[in-house]
1. Tell me which of A:I35, A:L415, B:H373 sits at the most positive position along the dipole axis of the protein assembly as shown, charges placed on C-beta atoms (Lys, Arg +1; Asp, Glu -1).
2. Leaving ligands and nucleic acids out of the surface, order A:E214, A:E26 by accessible area at 1.4 Å, largest first.
3. Determine one quarter of the surface area of the Cα convex hull of the stretch A:140-195, which equals its mean projected area, and express it in nm² to one decimal.
4. Any idea how far the Cα center of the stretch B:598-616 sits from the one of the stretch A:63-98, in Å?
5. Determine the relative contact order of chain B: mean sequence separation of Cα pairs under 8 Å and six or more apart, normalised by residue count, in whole percent.
6. Once you put a point 7 Å from the Cα of B:T59 and another 7 Å from the Cα of B:H375, both along the Cβ direction, what distance in nm separates them?
7. When the helices in chain B are scored as -39500 (n - 2.57) per DSSP H run of 4 or longer and the sum is shared across all residues, what 222 nm value do you end up with, to the nearest 500 deg cm²/dmol?
8. How about the stretch B:518-570: which trypsin sites (Lys or Arg not before Pro) there lie in a loop by DSSP and see at most 16 other Cβ atoms within 10 Å?
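The values are calculated or read from the model by the stated rules, or taken from the named source; none is laboratory data. The structure displayed is predicted, hence computed values, not measured ones. Because the Cβ atoms are built from the backbone with ideal geometry, glycine has one as well, and the counts that use them run over all protein chains shown. Only protein heavy atoms, including side chains, enter the accessible area calculation; ligands, DNA and RNA are left aside. Shrake-Rupley method; radii C 1.70, N 1.55, O 1.52, S 1.80 Å.
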Amino acid sequence: MELLLNIVIYLPLFGVLLLLLVRKDEWVRWSSLLITTATFVLSLPLLLQFDITATGSAQYLTVGEPFLGDWDVKYMVGLDGLSMLLFMLTTFMAPIVVLSSWSSINKHVAGFYSMLLILQTGSLGVFAALDLFMFYVFFELTQIPMFFLIGIWGGKDRIYATVKFFIYTLVGWLLMLVALIYVGYAAGNMVNDGVFTTDWRLLTDHAFQLGLVEQTWLFLAFGFAFCIKVPIFPFHSWLPLAHTEAPTAGSVVLAAIALKMGTYAVLRYLIPLFPNAAIAFAPMFAVLGVIGIIYGALVAMVQKDVKKLVAYSSISHLGFVVLGMFAFNTIGAQGAIIQMVNHGLSTGALFIIVGMLYERRHTRWISDFGGIARKMPVFTVMFMIATLASIGLPGLNGFVGEFLILVGTFNSEVLGSYWYAVIGALGVILAAVYMLWMFQRVMFGPVTNEENNKLTDINAREIGLLIPIMLFIVWIGVRPTDFTKYSEAEVTHLLEDTRTRAATIAQNTADDRLPGWASRLYDVTPQMVSNVKHENQEE
Amino acid sequence: MGLDTLILLSLIVLFLPLAGFAVLVFFGKRLPRQGDWLATGLVTVSLLLSLVILFARLTSPESVTAGWTWAQFGGIPGIGEVTVELGILIDNLSAIMLVVVALISTLVHFFSMGYLEGDVRYSRYFAYLGFFTFSMIGIVLTHNLLMMYIFWELVGLSSYLLIGHWYEKKSASNAAMKAFIVNRIGDAGMFIGIMIIFVHFATFSFDAIFSAVAAGNLPFESQAWLTAAGVLIFCGAIGKSAQFPLHVWLPDAMEGPTPVSALIHAATMVAAGVFLVARMFPLFTADALLVIAYVGAATALLAATIAITQYDIKKVLAWSTISQLGYMILALGVGAYAAGFMHLVTHAAFKAGLFLGSGAVIYAMHAALHKQHDHDTDAQDIRNMGGLRSRMPVTYWTFLIFTLAISGIPLTSGFLSKDEILAGTLAFSTLNGHWLLPLIAFGVAGMTAFYMFRLLILTFHGKPADSKRLSMIREVPGVMAIPLIILAALSTFIFYSFNPLGASSGWLFQALARPASVVPEAFAPATWPVFYEAISRVHTPVMILSIIIAVAGVAFAWLVYERRSVSADKMAGVMGPLYRGSRNKWYFDEMYEAVFVNGTLALTRISNWFDFNVIDGIVNGAGTVTRGVSKISGWIDNVFIDGLVNFLANITGSIGMRMRKIQTGSVQNYLVFGVFGFLIITIVLLSI
């Protein structure tokens, strides 16, 4: 199985060689479909064999030899409850993405699909990597193909969009790289006999205790990088632009997979590595999450471009994810994970759907549409399901995520206020407003634009690529535990472990050694200590 | 009958309409008659089975519940593992409601076969009806709050789809969206209420919540929180049952096909709010119930004053629905539990009948206008009708019975339930002095009789607006007439109580015994024995008064619109601003448009501006600053750093150029330089 995991990760990358061999565009498309489908099929055993009760250590673990001289930086991949669902989401979406660009990409076809495949390997690597350094390397591997996808195959302002996207993200991640090196040395000194290490197992070791001041700065550096990637308000301004200018496939990958790297990294690294800082900053992140929910919805409402509207709705949805993660309880974090998957499915579907409209009409302006429902009945059904999933209708996937997150937040000890959940719940009203209003203007009413009379309904390929997404939208909505069970044990373990380590560090820190701001910031810690003690006694 | 069988039956009742939906959505167009027979047949089976359930329920003492684990969550602080169950609860309340829903749904299915014949999306319409029936039955049968919320939203969705059935019309798609969004506002409150309950009790199940509260376990250990939770959950009912201040969506929802208005926006879905209040009744504190009572009273009064001046036949009925829903809510609020719920049942029959009757009128008007090639006259405006009695006898006589029922005239079902509500409201005020409530209740009763007979007289009596058109009006076909006759029969007293003047001895009233409050005594409403005694004291005077008021309302309408002894226009003139306010629905739509819609739009524009100019501006600014700095450093690099290098190179070069002159290539010169050099070095060395 370890081998299989590696095959799944690298198959797309080696598939690029195949693409370079074949000549005709049509063959390139079929080969890409074959490779991505094979990747998905091969990844299924990983899911089926996965032990959902195991915690604390990854499964299918491959540990390589250190490759950076004296540093303990090694190739290390594996899957655990945090990454399993997102890994599967990535392999699942890839064939769909290939199919979605079947007829819309006619320029440098081989190049386009090569970029998608490289991106695929990079993304899978990001979710499977268990060495912080490898995570960074895989992450950079996703940035470059994305840069070209937007820059070459994008819309009118593609160069501006891609440069902004690339540089903005890079600025954050370079700052993180500096922090990462600091963490590597610190961990080396504390838990690895003085040898620089970025091994995730050592970074979450109980003996690895960063001081509170160090934690603050490192947390902010990592947090800054992840905030940009998610993106969390107010670091989001690259996103609408990149989404709008990217080709359909690019937008789908960006929404479904790439944005998840940020939120995933928060849960995987930001919270467990800097436990005290994460708890102390949780209310601030929750505030940003709530602002994101409301603000994203408000800005989405006035967009005249359908694609931009969907892009801003992403900011709103990701606000929920952030809120759930910083609720610091299993139910909230579980909601966050399932919401990541949900957002990938429903927003991915929405981008595909908008792409289908664009391919037919070469416009994304809402005012150019109207009355399309009559012309494209099958399309209407798909669009409506995706819209309803996006506004969190019960019975579809979005509701499950929002529900878990809000319940988790409402009762969060760390956040300590129910207002986050109350305002978040009000955001659900706004979601209905902007999505249904858009849907009405695009689909309903009389046909006002003559061009729209020529529209043809979606073809078999287009139906075929949407059906699997719709299936999962309903499946998650009706039987959420089929999915949440994969992450439950690991999430519970991770949060408990984080809180225990936070308590230990706080206990070991003498208050008088802290600078004033730090002792004020970590005011929460004595209480945390007593809570954990209390819980331990009960057990 | 075994309990398991009962549960199984209820599941069949629940899923049959869903099966119809699934088949019709995918294969509807390929089935003969587009599958209307399938949808109707399945719902009819559901009706028969729900009758079986009702009889089984009424003959056995215990209510039945069954649950299945849906999801398990861990890690709720202080609680730990939580299991969320899906489940069924069959008690008298749900069994009665089940029959109401299945019955009206079945009749509406039949009626629709005639009404929507030849419609562009005929099979889709029946599919959505099935989906609605499924969701509504889900609300009725559930044994927990979460499922209630889930089906609550699904009902909202089916309402959205059915209001927007003719989505090519801008007004229809606007109304659909408005209905969904206004409902969502109420639902958000309900959701927060459910969260308060859930995070404290770690369960959604009604029984478990009630027994926890009964054991003295209050959310956050305070009765204020319990009141808040109750009022928040009631917000869901405010939205769905179109109570003030979220009543604005229901009149617009009349854009949907008329049978839909009968089923969803009169008889069942809008009654879901009343059902919710009845279901959660034990949980409400006295304060929460008082809020509920006043909201109901305000709604009843507001809607009745508006109904008086409307001319669209469906709009009059819509406002009257809102008003009657207010009545039910008021009744539950004052503690007249059985009366309120009984009014739901009787109202479902006569109001569905009124809507179907109006549908028959509109259908006939459309046909006549079509023959006249008249596309401008509004087929729903009662000023274009008049005298239809002679051409549509079945519709007229059934409509008359429904109108008598809603006006509360004895021998009808409406009299029974309304009389109990009035008695309950008055009894409540004798206990604690809220005299405004019975005042409103009696006033609304009079107004209802007046505006309903106004509608009846203007539509069916008097001179026709256009006698040529009248001659083209035809009675509706049997498939539409028979549901009207059935509903008319159900609007008489006999089905609810053998005593035409008292509901309390009837089976329905007996079956709806008020559940005991679980709230600590100090905050609970007056107990049933106390309340019942108060009712007994006022019952006879109330009955006489209510008959007098209803008859007075009818008589006044007769004078104004039939005899024309009082001029309606003159009255409107005298009323002045009151008339205009009522005509314009007290400007609620305009007010909401100005405050909430425009407010939100302004906020979105500000946010958008902020996003583009400030947030992105900072990012771009950072980019510009970086570029500026790099330009400066580029210039420094070019001028100084590179200048220094070039300077050195130039110096070296120019020195080289000068030195070059020495290189003449002539041996004599070199010899001379060599000798001189040797001499200089020697002199220097010697001098040292």
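1. About the Cα centre, the residue reaching furthest to the positive side is B:H373.
2. A:E26, A:E214
3. Mean projected area for the stretch A:140-195: 4.2 nm², to one decimal.
4. Here the two parts' Cα centres lie 40 Å apart.
5. 11
6. Label at B:T59, label at B:H375, 5.9 nm between them.
7. -23000 deg cm²/dmol
8. Numbers: sites: B:R537, B:R563, B:R564, B:K570; in loops: B:R563, B:R564.
Loop-located and lightly packed - B:R563, B:R564.
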